């Protein structure tokens, strides 16, 4: 298992976001934004692949899941990113329905920026492919972007 950790002085996130086309105005804010907090707590086994590409559907329900990626360990909130980005896609009602079914309570919107940091730090992060909503690139800063993704 590969640990999912932020390392001091790690500049991989900047290069990756530059290569994958993060808008210049956000790229200029990246280093300072990444200095903020990420979810902490006991590490768990992560899949990170709760996306439409990894879920199997049969009849009227979910029948299975597969993941050919490498295993990771890290904060459990990381596994929320796939459903929150690909399936909820900026729809507040879907986000709340997901968390009502998952936790029996609404999504804690105070975690938005910390979750966006997890997304940006992951070694396969590619926001153009991960954020399933139009015009997100126009967000003036990461706080606004997090609020757009997870209203």
For this session: Hey, can you tell me all the residues within segment 126-146 that are surrounded by 16 or more Cβ atoms within 10 Å (Cβ to Cβ) and assigned to a helix (DSSP H, G or I)?
Result: 127, 130, 136, 142, 145, 146
For this session: Please give the number of the condition residue 123 fails out of (1) at pLDDT 85 or above; (2) surrounded by fewer than 18 Cβ atoms within 10 Å (Cβ to Cβ); (3) not in a helix (DSSP H, G or I).
Result: (1)
Seminar exercise, completed: Taking segment 46-87 and the residues there that are assigned to a loop (DSSP other than H, G, I, E, B), surrounded by 15 or more Cβ atoms within 10 Å (Cβ to Cβ) and at pLDDT below 80, the one that is nearest to the chain's Cα centre (by Cα) would be 48
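The values are calculated or read from the model by the stated rules, or taken from the named source; none is laboratory data. Every value quoted in this text rests on a predicted model; they were computed, and no experiment measured them. Neighbour counts run over all protein chains shown; Cβ positions are idealised from the backbone, glycine included.
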